[in-house]
Every structure is written in C-alpha cells, then in structure tokens.
1. Got a sec? What order do ARG238, ARG276 fall in by accessible area at 1.4 Å, biggest, i.e. largest, first?
2. Over the range 244-289, average the accessible area per residue using a 1.4 Å probe and give it in Å², no decimals.
3. Around ALA113, which amide H atoms from residues at least 5 apart in sequence, or from another chain, sit under 5 Å from its own amide H, with H modelled in the peptide plane?
4. To the nearest 0.05, what FRET efficiency results for MET32 and SER256 with a Förster distance of 51 Å applied to their C-beta separation?
5. Could you give the alpha-carbon Rg of the chain over 2.2 N^0.38 Å, rounded to two decimals?
6. Could you point to the residue in GLN77, GLY265, CYS90 farthest towards the positive end of the chain's charge dipole, with +1 and -1 charges on the Cβ of Lys/Arg and Asp/Glu respectively?
7. Any chance you could run the full-extension gain for GLN45 through ARG109? It's 0.36 nm times the residue separation minus the Cα-Cα distance, nm to one decimal.
8. Can you compute the helix-only [θ] at 222 nm over the chain? Use -39500 (n - 2.57) per DSSP H run of at least 4 residues, normalise by all residues, nearest 500 deg cm²/dmol.
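The values are calculated or read from the model by the stated rules, or taken from the named source; none is laboratory data. In this text, all values refer to a predicted model and were calculated from it rather than measured experimentally. Using ideal geometry, Cβ is built from the backbone for each residue, glycine included, and neighbour counts are taken over all protein chains shown. Areas reflect the complete protein model, heavy atoms only, side chains present, ligands, DNA and RNA absent. Shrake-Rupley method; radii C 1.70, N 1.55, O 1.52, S 1.80 Å.
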Amino acid sequence: MIAKYKASEECKLLSKMILVLPKKATLDDLKMYHATDYLKVLQHQECDDNEDDDICSEFGFGYDCPFREGLFDYCLQIAGGSLTAADYLCENHNSIVFHWLGGWHHAKRNVCAGYCYINDCVLAILRLRKCFPKILYIDLDLHHGDGVEDAFCATDKVFTFSVHKFELGFFPGTGDIKDVGIGKGFYHTVNLPLKDGVDDENFLKVCKKILMKIKTVFKPDAIVLQAGADGLNGDPMRSFNLTSQGLLRCVELVVSWDLPTLILGGGGYNEANVARCWCQITASVLKKELPEDIPDNKFFLEYGPDFEFNIEKSFKKDLNSSDYLDSITKIISDNLDKL
C-alpha cells in the first residue's frame, strides 16, 4: 500500500506539515477497549487459521481476517499512530492531524471483521475523551462504521455519523436509519443509508445538511473523521459513483469548523485512486494547490492511463431519487430536533 502515501511525498506536501513519529501502542492501550481473551488470541494466534475452528469462529478470524506473520505488531503500529495523533490534539488544540493508515472501523470489542483486527477509531476517541468532553465521529466510508457505533451507541458524549451503502447482503449488514442509539445515547447515532450510484452532488447535498445540523445540536469539542475511499468511481466495490470532490468537500466543511480534528484513512481497493483522493484532501487542508498531472515517481505507471489527479464519475445510474433523499434527510432531521 506504499503508493497511497508516496503521492503526498512527491507533491512536497510533507514539508508543509509537522511530522510526528508515532509511538507503538502497548497491550494495555488495546485493553482500553478490546477484551483480554480476544487480544490473547490475536497476540499469540492460538488457533490454526481454520474457519471451522471454534476459537477462530468465536473471535472472527478466518476469511477476511486471517492470521499473518507480524500481525499483532502491525496492529500495535496502527493503534499507536491513532493514539499518538490523539495525544497531539490534546496537547495542541485547534490542530488537524492525519493518520492515513488508521480508520479500522469494523473491529468490535472481541471480534475482528472486514480486515479490521483492532479499532483504532474507538481507541483514539477514548484517548480524546480525556481532554475533550464531546467527540463527533464522522464516517465517510462506503461501509457502515459498525464497530465505532457499537462502542458508543449508549453514551451522549460521543456522537456517531455514518454515511454508507445499505442493501440486503452488503457488508456489514448494519446501519439502518432506524438505528439511533440506546439509553443515554438515544438519538446520538445517525445513519445515512444510500443506494448504488450516488454522485458527488447528491452525496454532498445530504451530508452537508445533516452534518451542519449535528454540529448545531451536539456542539462537539473535537472531531474524528474516517475518510474511506471505497465509494470512489473505479473502486472494485462498484457501488457509489463519487470523485475525490465528494469526500474532499465534506472534509473541507468539517475543517472549516476550526475544531481539533483527527482525519483517518479506511477502505479503498483501487490504490491509485485512494492515493489521488487522500493526497487531494491533504493538499486542501494545507491550502496547497496540486498540479493537474501526477508527478513522476517510481509508482507512476499505476496512475495510468490518464496520469492525472482528477477522478471522473461514470455513467452509472444514481438509484437515490430526490424523494428518497428528502425522506431520509427529514427523518434524520426530525430525530435531531429531539436532542
């Protein structure tokens, strides 16, 4: 996945940022959220990587979360990056911090899922809660941010917003508009379920309206934003029809609030397009203009055939009618009025 980060280096964006060396997380850091028995299996890989194995099945290891050499150390690195970013925000309020390797939003307390073994989003939010009273979590990934929602659905200190594809049989199968939180967290969960083919215009229209209302009623002190790029046109998921501008404009809206903000990566299976998108988001936050063409680098051929930053949308039909978008926006808005 090196190509994703090389783009920022070749565009000389790194020189415009303060680079913070992430500290590797510890086992105790992971225990802030994850169950001890789950972490024991993750650390020692105490099953034979067989989907039928009882231990593997219980903790989710198998098809999309296999054991790999160096896996636990990698998890510590990912979690450490997000925790280091959270610590930096606590020390330097009104900063914006990127950790593009983070955004593992599917992992649960004691179950791995969707290529996510630990939930660095949750860990970062828990760390931020030590210095910021209220956190808003925003998930722009194609898939529902189920792990983060599960972690905070019963509290009024963390508000979770996820925009995602919602369709029978589509992973993870959660994120219905009717899911609004429980107990003290009632109406502190917002799910925006979209259908195939949504383009930048409709995506931005509904996201901006809902995000502005959430900001008004919840009044967050800090933001964690997961900018998964698997909704881009050209992604193997073949679902949404977004260009980089769809995600970029949402990020720009959030950044304009001038709150401490942690921006994480997430999904995305066309690596060249993910690199394009995340580089554009980084440049936008830094207020630096990018060239039209991809700069020459050792991954240059991966950006063919046009070798440009721009990602065009396709002619895929948008199945999200105006009536549908208006109806779900109204439901969400009415729920937010109850806070």
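1. Working: ARG238 185, ARG276 10 Å².
Accessible-area ranking of ARG238, ARG276, largest first: ARG238, ARG276.
2. Result: 31 Å² of accessible area for each residue.
3. Correct list: ALA107, LYS108.
4. On the way: r = 31 Å, r/R0 = 0.61.
Given R0 = 51 Å and the Cβ-Cβ separation, E is 0.95.
5. Details: Rg = 19.2 Å, N = 339, 2.2 N^0.38 = 20.1 Å.
Ratio of Rg to 2.2 N^0.38 Å for the chain: 0.95.
6. The listed residue farthest towards the positive side: CYS90.
7. Numbers: separation 64, 0.36 × 64 = 23.04 nm, distance 1.70 nm.
Extra length from GLN45 to ARG109 when fully extended: 21.3 nm.
8. Working: 11 runs with 125 residues, N = 339.
Helix contribution divided over all residues of the chain: -11500 deg cm²/dmol.
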